[in-house]
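The numbers here are math on the coordinates, done by the rules we state, and not lab data. Here the structure is a predicted model, which means the values were calculated and not measured. So basically every Cβ, Gly included, is an ideal-geometry build from the backbone, and we count neighbours across all protein chains shown.
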Amino acid sequence: MIPFTDEELVGPVKVTIEKVRPGIAADGGDIKFVAIESGIIYVQLLGACVGCGSSGSTIKYSVEKQMKIDIHPELLVRNLPIGRENDIQGFEKDYQSFQK
């Protein structure tokens, strides 16, 4: 269980995003913080990252890994597709159904 509220996580999450941004930018991409809901961090990879086959690895092994090191080991990060910003719960439901 994550011992922080979603609101308490916003500041540290934004700091960590700034920490990983240069590595993402080096490959022509960018990252945008969208929201935190129930301890799950939603971001969007932008620029060259959109549609890139390595974007899943970038989320898992760069962004999520750094969040776990900097903030808490149970944090999860999702790359929210552009256009789903107003449907995070629907996206999460779809995401969970693909994980089964």
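Of note:
- Think of each Lys and Arg Cβ as +1 and each Asp and Glu Cβ as -1; about the Cα centre, that makes the dipole of the chain roughly 320 debye.
- Gaussian network model of the chain, Cα within-10 Å springs - most flexible of 83, 39, 56: 83
- A rounded overall shape is assigned to region 29-100, the ratio a/c of its alpha-carbon gyration tensor axes (a ≥ b ≥ c) being less than 1.5.
- In the chain, Cα pairs under 8 Å separated by at least six residues give a relative contact order of 26 percent.
- For the peptides 59-70, 21-32, the ranking by packing is 59-70, 21-32, with the highest mean count of neighbouring Cβ atoms within 10 Å listed first.
- Simple spin-label estimate for residue 96 and residue 40 in nanometres, 7 Å along Cα-Cβ: 0.7 nm
- For region 68-73, putting each phi into the Karplus relation 6.51 cos²θ - 1.76 cosθ + 1.60 with θ = phi - 60° gives couplings of 5, 5, 6, 10, 6, x Hz, in residue order, rounded to whole numbers and with x for Gly and Pro.
- With K and R counted +1 and D and E -1, the other residues having a Cβ less than 11 Å from that of residue 77 yield a net charge of +3.
- Eligible aspartates and glutamates near residue 32 by straight Cα distance, threshold 13 Å, same-chain separation 8 or greater: 18, 85
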